Amino acid sequence: MVHTPIHGKRERKCPHEDVPTTIFRHVTELYRADTVIIGGGCVGVSLAYHLAKAGLKDVVLLEKSELTAGSTWHAAGLTTYFHPGINLKKIHAYSIKLYEKLEEETGQPVGFHQPGSIRIASTPTRVDEFKYQMTRAGWHPTEQYLITPEKVQELFPLLNMDKVLAGLYNPGDGHIDPYSLTMALAAGARKYGAQLNYPVQVTNLNSRSDGTWEVETPLGIIQAKRIVNTAGFWARDIGKMIGLQHPLIPVHHQYVVTSTIPEVKALKTELPVIRDLEGSYYLRQERDGLLFGPYESEEKMKLQESWVTNGVPPGFGKELFESDLDRIMEHIEAAMEMVPVLRKADIVNTISGPITYSPDILPMVGPHQGVRNYWVAIGFGYGIIHAGGMGKYLSDWILEGEPPFDLIEVDPNRYGKWTTTEYTAAKARESYGFNNIVGYPKEERFAGRPTERTSGLYDLLKSKCSMGFHAGWEQPHWFYKPGDETGYKPSFRRTNWFDPVGREYKQVMEKVGVIDLSPFGKFKVKGTDSVKLLDHLFANVVPKVGSTNISHMLTPRGKVYAELTVSQVYPGEFMLVTGSGSELHDLRWIEDKITRGGYKVEIENMTDEMGVLSVAGPYARQVLQKLTNEDLSDASFKFLQCRHLKLSNIAVTAIRISYTGELGWELYHRKEDSVPLYSAIMEAGQKDGIDDFGTYALNALRLEKGFRAWGAEMNCDTNPLEAGLEYFVKLNKAADFTGKQALKQIKEKGLKRRLVYLTLETDNVDPEGNESVWHNGKVIGNTTSGCFSYGAQQSLAFAYVPMELSKVGQKLEVELLGKNYPATIIQEPLVLTEPTRMRLQRKGESPKI
């Protein structure tokens with residue numbers, strides 16, 4: 001993980017910081033602004049700098065005490081190119097490049113040191129993790145190397161090498177003085193016209209009917225087009241002013257600074273930062289001594305829970321907590337074993353200060369669903385490395401109306417009403433304690449689960465399967481049978497679920513299976529302008545009454561913002577269905593379009609009230625037919641039709657669609673009917689050999705059919721043409737849907753890359769997405785998702801590659817765990833969908849299955 005914990009109080013002063021400033025000339029004055037930023041830490045000041053530099057006028061930042069108060073001033077200031085995620089690497093890279101030139105631009109020194117950093121692997125599993133991270137970094141421009149123990153020792157000669165097996169090395173990493181960084185950003189913000197005002201406390205926020213805001217302060221009111229909450233550990237208090245409970249909690253983080261160490265002083269060059277992952281601490285040079293900070297276990301770490309219930313104490317700004325060395329003693333001992341010169345060093349300073357954690361340790365950045373023109377950049381556990389990049393990212397989004405690239409993992413709308421204070425505390429403990437845990441593929445973390453957001457079937461199924469966490473929901477990943485090795489057994493290679501998932505795959509292909517899809521996001525849209533709205537929102541045509549289609553919402557630049565299933569269930573009334581992780585992300589976008597376009601429609605979020613069961617496989621029709629008098633034959637109930645019917649006297653909205661690509665229906669019903677509906681289906685299918693299947697089998701089935709997934713094959717980084725979604729994009733429809741003009745230009749210019757379909761010759765490891773694709777010794781693209789094909793008995797993946805390397809038959813390589821495996825582009829799909837097979841059969845052709 002990335003580490004930007006906390007640091008000792010700075011004594012250097014910037015000329016601006018000595019003199020409090022304010023825009024108000026008279027008390028109770030009304031002032032107008034475009035954007036009001038609330039909070040003067042490094043993130044808020046970075047946003048002010050980027051908005052002003054991009055030319056936005058009337059950018060106002062309000063800080064209740066002084067710049068850097070809160071978590072910024074005491075941060076350890078670590079900077080790294082590394083991140084286990086994908087696009088967050090771009091945020092880190094932008095920050096470092098900005099910090100390198102900031103002093104030259106602003107005339108303000110920033111105290112930036114770039115000795116590089118090394119993550120230490122001292123177990124074989126950790127070496128596997130480094131190889132896994134190398135293939136995920138290979139198609140990014142930043143430098144990252146897997147280095148030998150000999151190279152580790154050369155770079156950091158003071159290490160005890162007994163346990164070191166390898167290092168993950170990032171040149172250009174290092175640390176920066178957070179106070180000086182913030183002052184340089186502030187100088188830049190002022191230079192470009194932003195107004196930074198302190199001490200000015202925000203006392204209240206009022207939203208106006210036109211979407212603008214009144215920001216109340218003791219000195220007067222500011223009327224603003226938008227507000228951005230960048231208030232650090234005060235962010236919850238700001239959120240409460242408008243009825244939001246942001247899931248944030250302050251964590252006590254400690255680090256230790258030593259006196260001069262002769263062996264450190266004697267070095268000719270600064271030591272790289274090291275992160276001893278098994279010891280769970282970071283260590284860097286601080287002048288002629290060392291500074292190191294641990295992440296203690298969830299049992300030992302400390303939360304400042306009273307601030308959540310009672311708010312931050314008035315006047316807290318540049319204060320610290322009392323240190324507690326006993327709490328981190330095992331990490332101190334681990335550090336002394338790894339860096340023996342520490343044993344002789346004196347501790348001269350112990351810093352213990354608050355940093356803000358969200359439940360999953362990632363920040364919350366972007367516009368907030370349910371409140372117009374309210375944006376957040378909060379929950380930064382690693383604010384120093386994120387400040388530059390997130391300031392630019394958010395500035396671009398505010399100015400251009402869409403995110404510059406996909407970062408749904410930091411969308412504030414990934415949380416909802418289910419994110420309680422208890423859940424937030426449990427997850428923050430876990431996230432802090434797991435800071436340096438091995439990052440496996442398909443990782444699950446169990447603290448705070450289950451939430452109050454469970455499917456109607458949860459109690460019935462929980463002991464029969466391995467559950468996965470999806471936006472607060474529990475959803476079966478795979479099911480147990482006698483003889484299976486049960487439970488969560490993460491691995492970089494094939495593990496205990498591999499054979500059971502093959503069994504479930506066979507179940508759906510040969511008989512009939514049932515899967516709980518209740519986590520889907522589900523919205524009802526109705527009103528006089530509903531058809532007009534959807535025609536403008538979606539690139540596809542609006543389905544007729546009783547019909548369903550797959551539709552995409554595009555951004556103005558023609559990127560794929562979302563994929564939804566759209567059904568017109570009654571004239572002018574639609575049901576929209578999206579993936580669990582996109583629920584509020586998509587709802588916010590639709591609500592924004594409704595407001596801006598003045599559409600006369602109502603939209604209702606039905607996600608929590610509605611359950612979904614999918615029944616799929618060759619016997620699906622005969623099982624469901626036993627439960628209803630409605631004719632389910634192919635002639636009567638065609639593919640992509642929807643209708644209301646009763647199954648075993650339970651009302652359902654049935655859609656003939658299945659992400660498995662097999663014969664199937666999705667059955668939408670009241671959540672309280674889930675158990676009786678499931679029981680009736682299982683009983684009706686007993687003679688047909690019906691059984692459960694989970695999302696891992698569903699993924700294998702959809703990949704064999706060549707179905708794309710939002711968040712993998714398509715997102716805000718991709719356009720629908722390169723993703724192979726032309727069938728769903730109707731450029732010739734009359735409506736000028738969002739993204740249409742951009743897409744026409746993209747088509748005219750021609751594509752530079754394309755999504756292709758690969759088979760791989762692997763051994764005990766399968767692709768899962770985001771791996772490097774090689775050709776002639778160079779990385780030329782990346783996979784987007786992958787798995788083992790139980791039908792073809794080999795690995796399968798989607799990948800983006802340059803057009804000139806995208807032809808069927810092209811030989812490539814995919815890097816998995818440090819080894820390049822042969823791959824071949826094949827004609828998609830590997831297995832034809834059931835409707836296509838039926839159509840070919842009717843024509844007398846023999847379809848491939």
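The values are calculated or read from the model by the stated rules, or taken from the named source; none is laboratory data. In this text, all values refer to a predicted model and were calculated from it rather than measured experimentally. Note: ideal-geometry Cβ built from the backbone for every residue, glycine included; neighbour counts use all protein chains shown. Calculation scope for accessible area: heavy atoms of the full protein, side chains included, ligands and nucleic acids excluded. Shrake-Rupley method; radii C 1.70, N 1.55, O 1.52, S 1.80 Å.
Rundown of residues vs (1) open to solvent by less than 20 Å² (accessible area, probe 1.4 Å); (2) closer than 19 Å to Gly581 by Cα, yes/no style:
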{"site": "Gly401", "(1), (2)": "no, no"}
{"site": "Thr420", "(1), (2)": "no, yes"}
{"site": "Ser431", "(1), (2)": "yes, no"}
{"site": "Leu461", "(1), (2)": "yes, no"}
{"site": "Gln475", "(1), (2)": "yes, yes"}
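Counted as qualifying within the stretch 772-849 are the strands (runs of 3 or more DSSP E) with 2 or more residues that are open to solvent by less than 20 Å² (accessible area, probe 1.4 Å), over 30 Å from Phe637 (Cα atoms) and touching a Phe, Trp or Tyr at 6+ places or on another chain (Cβ under 7 Å), namely 778-789, 794-802, 811-816. Among all residues of the stretch 42-58, there is at least one that is part of a loop (DSSP other than H, G, I, E, B), of a type in the set (A, V, I, L, M, F, W, C), touching a residue at least 40 places away in the same chain (Cβ under 8 Å) and more than 30 Å from Tyr295 (Cα to Cα). Selection within the stretch 599-608: residues that are aliphatic (A, V, I, L, M) and assigned to a loop (DSSP other than H, G, I, E, B). The member of this set that is nearest to Gly581 (Cα to Cα) is Met606. Of the listed requirements (1) without any contact (Cβ under 8 Å) to a residue 24 or more places away in the chain; (2) crowded, with 19+ Cβ neighbours inside 10 Å; (3) not charged (D, E, K, R), Thr628 misses just one: (2). Looking only at residues of the stretch 701-727 that are hydrophobic (A, V, I, L, M, F, W, C) and in a loop (DSSP other than H, G, I, E, B), we find that the one that is most open to solvent (accessible area, probe 1.4 Å) is Phe707.
Scanning the stretch 368-399 for residues that are in contact with a strand residue (DSSP E or B) (Cβ under 8 Å, 6 or more places away or on another chain), open to solvent by 10 Å² or more (accessible area, probe 1.4 Å) and over 21 Å from Trp73 (Cα atoms) yields His368, Val371, Arg372, Asn373, Trp375, Trp397, Ile398.
Yes/no per residue for (1) under 22 Å from Lys687 (Cα atoms); (2) among the aromatic types (Phe, Trp, Tyr); (3) open to solvent by 30 Å² or more (accessible area, probe 1.4 Å); (4) assigned to a loop (DSSP other than H, G, I, E, B):
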residue: Ser455; (1), (2), (3), (4): no, no, no, yes
residue: Gly483; (1), (2), (3), (4): no, no, yes, yes
residue: Ser491; (1), (2), (3), (4): no, no, yes, yes
residue: Pro500; (1), (2), (3), (4): yes, no, no, no
residue: Lys506; (1), (2), (3), (4): yes, no, yes, no
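Restricting attention to the stretch 83-98 and to residues that are open to solvent by 20 Å² or more (accessible area, probe 1.4 Å) and at pLDDT below 95, the residue that is farthest from Phe112 (Cα to Cα) turns out to be Ile86. Counting the residues of the stretch 515-539 that are assigned to a loop (DSSP other than H, G, I, E, B) and either open to solvent by 10 Å² or more (accessible area, probe 1.4 Å) or among the hydrophobic types (A, V, I, L, M, F, W, C) (or both) gives 6. Go through the stretch 309-336 and count every residue that is in contact with a strand residue (DSSP E or B) (Cβ under 9 Å, 6 or more places away or on another chain), surrounded by fewer than 20 Cβ atoms within 10 Å (Cβ to Cβ) and not in a loop (DSSP other than H, G, I, E, B). Matching residues across the stretch 309-336 total 5. Filtering the stretch 464-476 for residues that are in a loop (DSSP other than H, G, I, E, B), of a type in the set (A, V, I, L, M, F, W, C) and farther than 26 Å from Gly786 by Cβ leaves an empty set. Which members of the stretch 273-308 meet the condition of being more than 28 Å from the chain's Cα centre (by Cα), surrounded by 15 or more Cβ atoms within 10 Å (Cβ to Cβ) and in a loop (DSSP other than H, G, I, E, B)? If the condition is that a residue be more than 28 Å from the chain's Cα centre (by Cα), surrounded by 15 or more Cβ atoms within 10 Å (Cβ to Cβ) and in a loop (DSSP other than H, G, I, E, B), then Asp288 is the only one that fits.
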